1. So, with +1 on the Cβ of K and R and -1 on the Cβ of D and E, and no other charges, what is the size of the charge dipole of the chain about its Cα centre, to the nearest 20 debye?
2. Calculate the FRET efficiency for L351 and E68 from the Cβ-Cβ distance with a Förster distance of 35 Å, rounded to the nearest 0.05.
3. Between beta-carbons, use under 12 Å as the cut-off and find the net charge around K206, counting Lys and Arg +1, Asp and Glu -1.
4. Per residue, how large is the accessible surface of the chain? Use a 1.4 angstrom probe and give square angstrom.
5. By how many nm would the segment from D366 to V295 grow when fully extended, if each residue of separation counts as 0.36 nm and the alpha-carbon distance is taken off?
6. Ignoring ligands and nucleic acids, what accessible area does D108 show with a 1.4 Å probe (Å², nearest 10)?
7. If the only charges are +1 at each Lys and Arg Cβ and -1 at each Asp and Glu Cβ, what is the size of the charge dipole of segment 219-307 around the Cα centre, to the nearest 20 debye?
8. Which entries of K34/K388; K69/K360; K133/K206; K100/K306 have Cα-Cα distances beyond 23 Å here?
Amino acid sequence: MKRFVALLFGVCLMGWNGAQAQEKAEKEIPEVEKTLFERIMGKTARSRNLSVDLNTRLAFYVGMGEAEKGAAFRADYLRLQVNARITDWITVRWYQHLNKSFRTGSVDGMPASVDCLGVGFEWTPTLSSFIGKQYADFGGFEYDADPAEVYEYSDFGNEVTCFLLGANLMWQVTPTQELRVQVVDGRSDSAEETYGVLPAGFRAAKVPLGYTLNWNGAFCGERLTTRCSFTAFHEGRGENVWMGALGAAWREGRFGAYVDVMGSAEGIDKLGLLSEVSQGTETGARATDCGYVTVVSRLDFRPLPKLNVFVKGSYETAGLYRAGNGMERGNYRRTWGVQGGVEYFPMTENLRFFARYGGKEIRFTDRALAWGVAGRGRHGVSFGVLYKIPVF
């Protein structure tokens, strides 16, 4: 079942980037090529009941900015992905990040390296649920894409907590409209472990949960897709975090693009970007009453069936909507990001070679510079391969 994303979003001038969404791993296992097991043993092993894939992105990176000069080969992304169907209505999913910390969360008991681990239930053809560690059902197309294919996230996408333990309920209202309701742990560790020095008077919630409503849909013969969500995290007594995301995408022939708008109002700094400033204040505590806004867009064009050219840009702001920790109300940080590259698909969408440029500039306002922070930039090019290796 192919997932599409919903809630009509304003004016959309561009469409989808053609990248595989995270949900593609939840569909029936495609038989696009032989697995390593099949090639070695000469047997047909892969079926719709079990698949084991190694999702990889390997690259040679050349840094060109003042803060990142030099060059090296890097394993940007390594994740083992196991999908299994136990019965007609029970599935199991396990995604293990191989180049991420294995430290176990003190609240959820899950290693940080486990992106997804749990059991899915298909109660009816249109109603299903998943229990375990899972993707938070935030909206937007950058967030929804296969992480290996994103190359570099916006600040919002990079810092938002996206793998949490909990449960969701999915209702396919129509073939093109889907509703999701999700309840998850608000964090994997205690408030002190998560936020460091807590602001004065902060009392951590005894039941720190997050609640998300997500509406996904497709329109205009599935050329227009939209993805929207609203999330509330209860972090402490009177300290809540509110997040919203709107995404719209258009795909037409060889062209595709998306536009995402994401924002949050955070009683305590969940993203953590403004705490870089508050740590320089007298208390050194986590920032409070933070507001973030992010706009991300990507445009793709395929001049040839096996060749894709893309550009991507982002603009983000961060500030306080209420004075606190000795910091005045107002904007503190602006970030510009730009990417562009070429992708070549020699066989299938499962394998690609790429050449990419990426740059990001972080600039602080005068009110932030007064606390000792400094702007910085990062620019570089990378050449590599992205391959979801079908192991079994």
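The values are calculated or read from the model by the stated rules, or taken from the named source; none is laboratory data. Note that the structure is a prediction, hence the values are computed from the model and not measured. Cβ coordinates were reconstructed from backbone atoms using ideal geometry, including for glycine residues, and neighbour counts include every protein chain displayed. Note: areas computed on protein heavy atoms with side chains; ligands, DNA, RNA excluded. Shrake-Rupley method; radii C 1.70, N 1.55, O 1.52, S 1.80 Å.
1. 740 debye
2. Efficiency at R0 = 35 Å is approximately 0.80.
3. Working: positive: R203, R237; negative: E235.
Once positives and negatives cancel, what remains is +1.
4. Per residue, the chain has an accessible area of 45 Å².
5. Numbers: separation 71, 0.36 × 71 = 25.56 nm, distance 2.30 nm.
Extra length from D366 to V295 when fully extended: 23.3 nm.
6. 20 Å²
7. Details: 10 positive and 11 negative charges, 145 e Å.
Dipole size: approximately 700 debye.
8. Long pairs (Cα-Cα over 23 Å): K100/K306.
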